[in-house]
Amino acid sequence: MGTKYLLLPLAFYLCLSPLAGICAAQSRGTLPVVSISSPPQYRIIGGSVMIFATVSVGVVGVQFKLDGQNLGAEISKPPFSMIWDTTSAPDGPHTLTAVARDAEANWATATVTITVNNTLKIPPP
């Protein structure tokens with residue numbers, strides 16, 4: 001009996017890369033596109049922070065995640081944003097992800113690395 005190999009699409013291998021900022025599933029049409037507009041990559045944050053995802057036309061939901069765990073419920077209408085109280089997370093580096101999906105169950109992700117510092121003193125406006 002010969003060896004059998006499972007050939008996977010290139011997108012699968014790209015999704016496994018830790019450097020992949022945008023990763024998409026197999027498509028039944030045009031893939032959604034998502035990016036995290038706020039907070040920016042490598043930002044040090046603390047307190048109440050606006051998380052905002054910019055998406056392509058056709059996206060019907062965005063789920064924000066922190067270190068792979070859902071941050072609240074999926075947001076099902078624009079603007080795809082939420083206020084996050086960082087005191088729910090320990091200080092230190094974290095991975096913030098936005099998972100966007102369209103009505104055909106295509107999905108894409110965007111990831112930024114942020115650092116939570118809840119001891120930051122934010123001056124009043």
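The numbers here are math on the coordinates, done by the rules we state, and not lab data. From a predicted model like this one, the values you see are computed outputs, not experimental measurements. Note that each Cβ is placed from the backbone with ideal geometry, even for glycine, and that neighbours are counted across all protein chains shown.
Figures for the structure shown
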item: Region 61-76 - phi-based ³J(HN,Hα) in whole Hz, Karplus 6.51/-1.76/1.60, Gly and Pro as x; result: x, 9, 10, 8, 9, 10, 6, x, 9, 4, 9, x, 7, 4, 8, 10
item: Sparse-neighbourhood loop sites, trypsin sites (Lys or Arg not before Pro) in region 53-125 - DSSP loop, at most 14 other Cβ within 10 angstrom; result: LYS121
item: From phi via Karplus (6.51, -1.76, 1.60), per-residue ³J(HN,Hα) for region 55-60 in Hz, x at Gly/Pro; result: 10, 7, 4, x, 6, 10
